[in-house]
């Protein structure tokens, strides 16, 4: 399943915390300095870039070393 099929969504709260959701469920909460840096990068990124940044913030992204199903 790709990021286009099931994209991440995010909300920034008044205190600067970023809530990242996928499929309507809260995946991770980013706070503090990390949230400030992420918010700045999200502001400069296009849609595809935002999805990559959110995926990386959650740890849910492919690193290129996974093997396909062997069957």
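Please treat every number below as a calculation from the coordinates, not as lab data. None of these values were measured; they are calculated from a predicted model. Cβ placement follows ideal geometry from the backbone for every residue including glycine, while neighbour counts extend to all protein chains displayed.
For segment 31-54, the residues whose backbone nitrogen is under 19 Å from a point 7 Å from the Cα of residue 14, taken along Cα to Cβ, are 31-32, 36. As a calculated quantity, the FRET efficiency between residue 46 and residue 21 at R0 = 30 Å, using C-beta atoms, amounts to about 0.90.
Summary value for segment 8-58: 30 percent relative contact order, contacts being C-alpha pairs under 8 angstrom separated by 6+ residues. Modelled spin labels at residue 5 and residue 39, positioned 7 Å past Cα toward Cβ, are 3.4 nm from each other.
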